[in-house]
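Report on the structure given below.
No value in this document is a laboratory result; all are computed from the given coordinates. None of the values given here were measured: they were computed from a predicted structure. Here the Cβ positions follow ideal geometry from the backbone for every residue, glycine too, while neighbour counts run over all protein chains shown.
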C-alpha cells in the first residue's frame with residue numbers, strides 16, 4: 001500500500017486495551033484516566049477481521065500494544081489467531097513486563113517471537129516513582145523469562161526523562177555488553193496532559209548519543225534493512241552481544257520513511273501517532289460493513305496520511321498531541 005508520499009504502508013500497531021497496571025508519569029495523569037467502556041472496546045473478532053483485510057491489502061507486520069496488553073483476558077489466544085493470518089510475517093508485542101514472567105512461555109507457543117519491554121530505570125526506587133508503584137524485580141524476571149524462551153530480538157525501551165533517569169544512560173548502554181538485547185533510547189513525546197507536565201524534561205537523542213559515545217564509542221550496525229524494520233538508528237559497542245538504538249521522533253523525525261498505521265482500542269484508525277485525525281472502523285463494523293467497505297476506509301486513512309507530523313520544538317515551545325499516550329498504544 002503506497003501512500004501519497006510514496007511510502008509503503010505495511011505495519012499496523014494495535015492497542016487492545018486502554019487499561020494498564022502502571023501509571024507512568026509521562027504516559028498518564030497521576031489520577032489515571034477514565035477507562036473506556038467495555039462495549040466501546042473492539043472485540044477480538046473485530047480486530048481479527050480488520051487485520052485480515054489489512055493483510056490482504058499489504059500489511060505484513062503487526063505489533064500489539066495497550067495500555068498494557070497482558071491485562072486483557074484472552075490475550076494469548078488472540079495472539080495465536082493473529083499468528084495464523086495469511087500474509088503476516090511479523091507478530092510482536094509491547095509490554096511493561098510486570099506480568100511477563102507468567103506469559104512468556106504461552107506467548108511464545110502462540111507464535112510471538114519478538115517483544116518490546118518498557119524499562120525506564122534500573123534503580124528500583126526510581127522505577128517505582130516513574131511508574132507510580134511498579135516493581136522492577138517483576139520486570140527483570142520477565143526479561144529473563146523471554147530470554148530463556150528464545151524470544152529475539154528482545155527490545156528494552158527507555159524513555160529518557162531529563163533530570164529523572166538521564167543519569168542512568170551508561171548503565172543502560174552497558175546492559176548490551178553481555179546480553180543480546182536491543183537497548184532503545186526514545187525521546188520524550190508531548191502527549192496529552194502527562195506530556196505537558198513533562199515539557200521541561202525533554203532531552204534530545206543527539207545529546208544522549210554524544211554522552212554514551214564519549215565513554216563507549218558506538219559503531220553503526222551494518223545490516224540489510226527489511227521492509228518491516230523499525231525507525232531506530234542502531235549502534236553497537238565494540239564486542240557487545242547486544243545493540244543500542246535511538247528513536248528520535250522530535251529531534252530527527254523519521255516521517256519520510258514512516259510505514260505504519262495505528263488502531264486504537266476503541267476502534268479508531270490513525271495514520272500518524274502525533275496527528276489527532278482518525279477514522280472510526282468500529283462504527284463501520286457494527287453497522288454491518290463489508291470487507292470492501294473496510295478496505296475503502298483503510299485506504300482513506302493511508303491516502304490522508306500526512307507528509308510529516310506537526311510536533312515542533314524550538315527554544316521555548318513544543319506543540320503537543322491532544323490524546324494521552326496510554327489511549328493510543330504508542
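Quick one: compute the contact order of the chain, relative version, from alpha carbon pairs under 8 angstrom and 6+ residues apart, as a percent.
22
Relative to the longest principal axis of the Cα atoms of the chain, the long axis of helix 136-149 makes an angle of roughly 70 degrees. A Gaussian network model of the chain, with springs between Cα atoms under 10 Å, assigns the largest mean-square fluctuation among 290, 176, 118 to 290. Sorting 289, 24 by the number of Cβ atoms found within 10 Å of their own Cβ, with the fewest placed first, yields 289, 24. For the pair segment 248-304 and segment 165-183, the centres of their Cα atoms are 34 angstrom apart.
Provide the gained length on full extension for the span residue 293 to residue 307, in nm with one decimal, where the gain is 0.36 nm per separating residue minus the Cα-Cα distance. So the chain would gain 2.5 nm between residue 293 and residue 307. The ranking of 258, 27 from fewest to most other beta carbons within 10 Å of each one's beta carbon is 258, 27.
Listed by Cβ neighbour count within 10 Å, with the fewest neighbours leading, 160, 215 appear as 215, 160. Taking every DSSP helix (H) stretch of at least 4 residues in the chain, weighting each as -39,500 (n - 2.57) and dividing the sum by the residue count yields a mean residue ellipticity at 222 nm of -9000 deg cm²/dmol.
By how many nm would the segment from residue 57 to residue 1 grow when fully extended, if each residue of separation counts as 0.36 nm and the alpha-carbon distance is taken off?
19.5 nm
A simple spin-label model places the labels of residue 286 and residue 221 4.1 nm from each other, with each point 7 Å out along Cα-to-Cβ. Relative to the longest principal axis of the Cα atoms of the chain, helix 205-215 runs at roughly 40 degrees.
Counted residue by residue at 0.36 nm each, then reduced by the alpha carbon distance between them, the extension gain from residue 256 to residue 137 reaches 38.9 nm.
Taking the C-alpha atoms only, the angle from helix 169-178 to the longest principal axis of the chain is near 80 degrees.
Which one, (1) 18.9, 59; (2) 20.8, 64; (3) 18.1, 52, gives Rg and Dmax of the Cα atoms in Å as derived from the coordinates shown? It is the one labelled (1). When the chain is treated as a Gaussian network with alpha carbon springs shorter than 10 Å, the biggest mean-square fluctuation among 76, 159, 207 belongs to 207.
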